[in-house]
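The structure under discussion appears below in the form of structure tokens.
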Amino acid sequence: MGVCDLVVKRIYELCKERGITPNALSYMSGISQSTIKSILIGESKNPGIVTIKKICDGFEISLIDFFNTEEFLNLEQEIK
């Protein structure tokens, strides 16, 4: 599972924990619904850190909290 897959999974986890929809996240984070959808369906292969920071702001968590999961911590460095 790559970084983008883990970002998508984490967004879904956080939505579920908070009982909100991706559309609600869009409103809370100030990111368009189309951008959120693009990330979640894998169209956006590399959401930027600014976008992820806005998502974190919508969830009222830090970037550290977003990435502080077992899967991110065990992620192998991607070499391309």
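The values are calculated or read from the model by the stated rules, or taken from the named source; none is laboratory data. Everything numeric here is computed off the predicted structure, so don't read it as measured data. A quick note on method: Cβ atoms are made from the backbone with ideal geometry, for glycine too, and the neighbour counts reach across all protein chains shown. What goes into the accessible areas is simple: the full protein's heavy atoms, side chains included, and nothing from ligands, DNA or RNA. Shrake-Rupley method; radii C 1.70, N 1.55, O 1.52, S 1.80 Å.
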Consider only pairs whose beta carbons are under 7 Å apart and that are at least six residues apart or on different chains; among these, list those whose first residue lies in region 1-18 and is over 12 Å from F66 (Cβ atoms) and whose second residue is open to solvent by 30 Å² or more (accessible area, probe 1.4 Å) and at pLDDT 95 or above. C15/T21; C15/P22
Can you tell me which residue among G42, G2 is open to solvent by less than 30 Å² (accessible area, probe 1.4 Å) and out of contact with any Leu (no Cβ under 9 Å at 6 or more places or on another chain)? G42
Filtered residue count, region 5-39, keeping only those that are touching a Pro at 6+ places or on another chain (Cβ under 9 Å), open to solvent by less than 60 Å² (accessible area, probe 1.4 Å) and not aliphatic (A, V, I, L, M): 3
Mind listing whichever residues of region 55-78 are more than 14 Å from Y12 (Cα to Cα), hydrophobic (A, V, I, L, M, F, W, C) and modelled with pLDDT of 95 or more? I61, L63, I64
